[in-house]
Structure formats: C-alpha cells, structure tokens
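What follows is one structure encoded as structure tokens, with my remarks underneath.
The values are calculated or read from the model by the stated rules, or taken from the named source; none is laboratory data. Just so it is clear, the structure is predicted and the values come from calculations on it, not from any experiment. Glycine gets a Cβ as well: all are built from the backbone with ideal geometry, and neighbour counts include every protein chain shown.
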Amino acid sequence: MSMKKFPTRAESFTLIEMLIVIAIIGLLASLIIVNLASSAMKARDAKRKADLATIHSVLSLYYDAHGEYPVAGTCGYNTNCYVFSTGGSAWIPALVPTYTSALPVDPINSGGPPWVAGGYEYSYGNVLTVNGQQGQAYDLTAQLENPNDPERCGVKNWKWYYPPQSWCTAFGGSYSNQIYEDSPYSGGQ
C-alpha cells in the first residue's frame, strides 16, 4: 500500500498569492466595464446624430413639397413651442405617414427636453418666418452624453431662434453644453 503524498508548500498557492490574483482579475474586470460603458455612451451619441440627420432629410422632403417646414404639432409658426420624441414614432405629425413610416426616437428617450441636464429626447419646434416667408427655420435638437464630443454646443455654439441666441452656458446661454443641433441656420461656430 502506497501512501499519498500531501502537497508541499512549493506546490500550492498561499493566501496572499490568491488575493493578488483576485485583485488583478477585479481590476481588469472594472477596466472592461468602464470601457464598455464609454463605448455604449458613444454609440448612443452616434445614433442621435444619425437620427437627427435622418429627421432633417425627412423635413427636407416636406419642405420640397410645401415650400416651408411643418409646424410643431399644434403650435403655430413663430412660437417658442416644441414637440418631443417621447410622443412616439409619429412625434412630428405632419411627417408620418406621408414622408416616413416612423420617426426615430432618442435611445434613452426620457428625462425632459434636451436643453436641460439629463434630458435625453429629441425636440423639434420653434418654426419661424424668415424674410417674410413662414416655416423657413426650425430647431431640431438632442442632448449628447459624451462631455468630450466635438459636436456639442459647448464647442460649436449652437443657436436657437426665438430670439436668436446661444443655447449653451459656455457661450452665455442658459442651457446644457451637451446640446446637439441639426437645423438650418443653427450658427454653429
């Protein structure tokens, strides 16, 4: 009968070695989670920009057919009035279903209007008369999550039209530096 040999100290891990391995795994896991969160934020911002470009294109189709942009819901021209993507896929009623089957909505789509902190929804409105012609300018706005995005208001100085002024606090406005605008005459610098 042979006797089993117990592992010697050189053949096993000490408690300290195990704790070091666990700490390294935890550090690597936290780095991966941070990178995934950053990637998801940037992906949502890219979707916002693409969505606003799509909406801009649909608005252009409406403009080509009517010579003016549509009013925002029940708002009239020259009013500081908006409609928001939290209203569903037909949130700009004049566009659905004639010009598109559905409008995109913000990836988060909650939290209030895009000009306030945490307001992740799209807005359309403030449709104005320019040089005597109604419906010639509008605001189409979203809020970006990435504080380093080069297209945000804090860098571009996006403007709104009623009255014409800077949106964001970085340029003397009253609203979030994270605003993104895809509108004619927005005046980004």
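Please enumerate the residues belonging to the stretch 104-119 that are farther than 19 Å from V58 by Cα and either of a type in the set (A, V, I, L, M, F, W, C) or surrounded by 22 or more Cβ atoms within 10 Å (Cβ to Cβ) (or both). If the condition is that a residue be farther than 19 Å from V58 by Cα and either of a type in the set (A, V, I, L, M, F, W, C) or surrounded by 22 or more Cβ atoms within 10 Å (Cβ to Cβ) (or both), then I108, P114, W115, V116, A117, G119 are the ones that fit.
Quick grid of which residues meet (1) buried (at least 16 other Cβ atoms within 10 Å of the Cβ); (2) of a type in the set (K, R); (3) modelled with pLDDT of 90 or more:
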| residue | (1), (2), (3) |
| --- | --- |
| S2 | no, no, no |
| R9 | no, yes, no |
| D45 | yes, no, yes |
| D51 | yes, no, yes |
| Y99 | yes, no, yes |
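In this structure, does A137 turn out to be touching a Ser or Thr at 6+ places or on another chain (Cβ under 8 Å) and either touching a residue at least 24 places away in the same chain (Cβ under 8 Å) or assigned to a loop (DSSP other than H, G, I, E, B) (or both)?
yes
Looking at (1) in contact (Cβ under 8 Å) with a residue 12 or more places away in the chain; (2) under 18 Å from the mean Cα position of the chain (by Cα); (3) surrounded by fewer than 17 Cβ atoms within 10 Å (Cβ to Cβ); (4) in a helix (DSSP H, G or I), find the lone condition where L61 falls short. That leaves (2) as the condition not met. None of T79, T74 is over 18 Å from P114 (Cβ atoms) and in contact (Cβ under 8 Å) with a residue 12 or more places away in the chain except T79.
Quick one: would you say P150 is under 19 Å from M41 (Cβ atoms), loosely packed, with under 15 Cβ neighbours inside 10 Å and without any contact (Cβ under 8 Å) to a residue 60 or more places away in the chain?
Against the criterion (under 19 Å from M41 (Cβ atoms), loosely packed, with under 15 Cβ neighbours inside 10 Å and without any contact (Cβ under 8 Å) to a residue 60 or more places away in the chain), P150 qualifies.
Checking the condition part of a strand (DSSP E or B) and of a type in the set (A, V, I, L, M), which residue from V127, V116, V96, V105 passes?
Only one candidate passes the filter, namely V127.
The set of residues in the stretch 128-185 that are of a type in the set (V, I, T) and under 20 Å from E68 (Cβ atoms) comprises T129, V130, T141.
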